[in-house]
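Participant: Okay, handing you the structure first.
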Amino acid sequence: MTALARLATGWYARHARDLPWRTPDVSAWAVLVSEVMLQQTPVTRVVPVWREWMARWPTPGGLSAEPAAEAIRAWGRLGYPRRALRLHECAGTLMAAHGGRVPRSLPQLLALPGVGDYTARAVAAFAYRQRHPVVDTNVRRLVARCVAGRADAGPATTAADLAATAALLPASGPAAARASAAFMELGAVVCTARAPRCEACPLATRCAWRASGRSLPALPSRRPQRYEGTDRHVRGVLLAVFRQASGPVTRAALARAWASEAQRERALASLVADGLVHAVGDDTYALPTGPTLHAI
DNA sequence: TACTCGTGGTC
DNA sequence: TGACCAAGAGT
């Protein structure tokens, strides 16, 4: 085992947050749902929604048997609601092609809706204890600092990221999975983007970035981050109307939620294009009702 | 590759 | 106060 993995794993055993999807007996389905919910969404907001989903849909069969609208409603305000739709599709794929179980191989996981490179590796490692590098934004930053001595990682995940992380992992699957969880946790709570807590870091004595004097991170790109008034905002406002309605929603109801007609129509069209909303009449729309597997 | 896609907390 | 950003995926 590499020294970094040993130090990180030891720290993790003492300081890891007590997150419900880390309980030893959680199913691969529960891990998969947690990973999708955690995509670009903070842990504190995911926890209560994940608990609700697991209580309601402990297996993919339960979710796939319900209309997609229920997944969208139960998604609440986690953001990026296409993830709820993909998770519902994913449950259907698991039932249709995998016997209701989450597959174990990376290629099969990658083929699932809503599962990309990160999530496939996270499920293989955390649910099945396989030895795959799990590279998220936290790990990339940790490795960039500790190993490469840079203030932050480059713009995109590359084969180099995977190779650099794989080189840190212990030989056995379970130990590698623990090390990956430890690296992610360190990046999330200690080696943070803005205010790293090097005094609390178990890797500090071996960190190239710290040894070289902690050069400042590059200035953030100047892409506008404004949310108020964007099309994304309008989509959120309109979809909230659909979530709260028990049935179909009229154009008039949407007009009450957002005044600008051009922007409202543009947002509605994009929701329809994404499959989050369907037209059910001339001036009426609703969350998607299908497909359900069967009507018992 | 670069862009789109929500939401709410933080400093 | 408002810019930044938090376990990415899909196109």
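The values are calculated or read from the model by the stated rules, or taken from the named source; none is laboratory data. Since this is a predicted model, take the numbers as computed values, not measurements. A quick note on method: Cβ atoms are made from the backbone with ideal geometry, for glycine too, and the neighbour counts reach across all protein chains shown. Ligands, DNA and RNA are stripped out before the accessible areas are found, and what is left, the full protein with its side chains, is counted by its heavy atoms. Shrake-Rupley method; radii C 1.70, N 1.55, O 1.52, S 1.80 Å.
Participant: First check a/c for segment A:231-286, with a ≥ b ≥ c the square roots of the eigenvalues of its C-alpha gyration tensor; if it is under 1.5, answer rounded, and if not, answer prolate when a/b is larger than b/c or oblate otherwise. Please report the intermediate quantities before stating the final value.
Facilitator: Working: a/c = 1.33, a/b = 1.21, b/c = 1.10.
Rounded is the answer for segment A:231-286, as its axis ratio a/c remains below 1.5.
Participant: Could you rank A:105, A:34, A:212 by how accessible they are, 1.4 Å probe, largest area first?
Facilitator: Descending order: A:212, A:105, A:34.
Participant: So between residue A:280 and residue A:259, what do we pick up on full extension, going 0.36 nm a residue minus the alpha carbon distance?
Facilitator: The span from residue A:280 to residue A:259 would gain 5.3 nm if fully extended.
Participant: Could you point to the residue in A:110, A:238, A:181 farthest towards the positive end of segment A:106-255's charge dipole, with +1 and -1 charges on the Cβ of Lys/Arg and Asp/Glu respectively?
Facilitator: It is A:238.
Participant: Continuing with the same structure: Please work out the C-alpha center-to-center distance from segment A:228-262 to segment A:63-118 and express it in whole Å.
Facilitator: Here the answer is 25 Å between Cα centres.
Participant: Report, in deg cm²/dmol and to the nearest 500, the calculated mean residue ellipticity at 222 nm for chain A, where each DSSP H run with n ≥ 4 adds -39500 (n - 2.57) and the sum is divided by the residue count. Let's see the in-between values first.
Facilitator: On the way: 15 runs with 154 residues, N = 296.
The helix-only estimate for chain A comes to -15500 deg cm²/dmol at 222 nm.
Participant: Using Cα-Cα distances under 8 Å and only pairs 6 or more residues apart, what relative contact order does chain A have, in percent?
Facilitator: Taking the mean separation of contacting Cα pairs over the length of chain A, I get 21 percent.
Participant: If I stretch the segment between residue A:111 and residue A:129 completely, what's the gain in nm (0.36 nm per residue apart, minus their alpha carbon distance), one decimal? Spell out each step's value before the answer.
Facilitator: On the way: separation 18, 0.36 × 18 = 6.48 nm, distance 1.97 nm.
Taking 0.36 nm per residue and subtracting the Cα distance, the gain is 4.5 nm.
Participant: What residue among A:268, A:238, A:19 shows peak mean-square fluctuation when chain A is described by a Gaussian network model with Cα springs under 10 Å?
Facilitator: A:19
Participant: Also: I need the phi-derived Karplus couplings for segment A:53-63: 6.51 cos²θ - 1.76 cosθ + 1.60, θ = phi - 60°, integer Hz, Gly and Pro marked x.
Facilitator: 4, 5, 5, 8, 10, x, 9, x, x, x, 5
Participant: Okay, moving on. From the Cα gyration tensor of chain A, with a ≥ b ≥ c the square roots of its eigenvalues, which class applies: rounded if a/c is under 1.5, or else prolate if a/b is larger than b/c, or else oblate? Walk me through the intermediate numbers first.
Facilitator: Details: a/c = 2.61, a/b = 1.56, b/c = 1.67.
Oblate.
Participant: Follow-up. Using R₀ = 22 Å, calculate the FRET efficiency as 1/(1 + (r/R₀)^6) where r is the Cβ-Cβ separation of residue A:80 and residue A:272; round to 0.05.
Facilitator: Efficiency at R0 = 22 Å is approximately 0.80.
Participant: Would you grab the residues whose amide H sits under 5 Å from the one on residue A:280? Only those 5+ places off in sequence or on another chain, please, with H modelled 1.01 Å from N.
Facilitator: The list, which skips near neighbours in sequence, is A:285, A:286.
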